[in-house]
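For reference, the structure is listed below as structure tokens.
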Amino acid sequence: MAAETGVRSFPVSAGILLGLGIGGFFDGIVLHQLLRWHHMVSGWRPVSDLPALEFNTLWDGLFHLTTYVFVIAGLLILWRAARRRQLAWSHGMFFGTLLMGFGLFNLVEGLVDHQLLGVHHVNELAPPEQWIYWDIGFLIWGAAMLVWGWALMRRGRREMEITARILGERV
């Protein structure tokens with residue numbers, strides 16, 4: 001219906017990429033820098049001296065660079081879609097896809113970095129026997145954001161379809 005009214009649908013990939021970047025920023029800024037629970041490769045090279053801290057800080061910076069790439073890619077996709085034609089979107093589509101991207105970040109980070117590769121764990125300041133609980137909590141949080149985001153996106157998509165039908169009838 002959107003094509004009939006000349007309105008272009010919200011680019012889901014833009015929201016997901018922005019959410020991935022925001023998820024990475026949250027992890028890097030809050031967990032790496034503010035709380036100092038872990039660094040990017042502190043599971044492989046624990047921060048026990050200055051050279052280890054410098055090494056981990058370098059990898060934290062490379063991680064942040066990657067999150068910037070996600071955000072820039074999401075913004076470029078969104079900007080390009082908005083320039084071509086009228087872009088129809090809703091709060092649900094935008095915030096839903098952001099949450100989906102953030103949740104996807106947590107799930108991939110939690111499964112790959114924490115469990116498969118062991119490059120770090122969520123809270124390495126806790127006793128090692130408790131790390132798994134923090135890691136599982138991180139995965140649950142990511143799954144909850146993904147599901148909540150998906151529900152918001154679906155609701156937003158329905159709102160956009162209703163709006164497109166109304167515009168189509170008036171045009």
| remark: Among the residues of the range 30-44, the number that are farther than 16 Å from L62 by Cα and touching a helix residue (DSSP H, G or I) at 6+ places or on another chain (Cβ under 6 Å) is 1
| field | Residue ID - farthest from D113 (Cα to Cα), chosen from residues in the range 40-60 that are touching a residue at least 12 places away in the same chain (Cβ under 8 Å) and of a type in the set (S, T, Y) | value | T57
| said: Going by what's in this entry, would L146 be described as more than 17 Å from P46 (Cα to Cα) and in contact (Cβ under 8 Å) with a residue 24 or more places away in the chain? | reply: yes
| Residue list for the range 1-47, restricted to those being assigned to a loop (DSSP other than H, G, I, E, B), among the polar types (S, T, N, Q) and at pLDDT below 95 | T5
| What pairs can you find where one residue is in the range 61-84 and within 20 Å of L104 (Cα to Cα), the other is modelled with pLDDT of 95 or more and surrounded by fewer than 13 Cβ atoms within 10 Å (Cβ to Cβ), and their Cβ atoms are less than 8 Å apart, with a gap of 6+ or different chains? | none
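The values are calculated or read from the model by the stated rules, or taken from the named source; none is laboratory data. Quick caveat: nothing in here was measured; it's all calculated off a predicted structure. Here the Cβ is made from the backbone with ideal geometry for all residues, glycine too, and neighbour counts use every protein chain on show.
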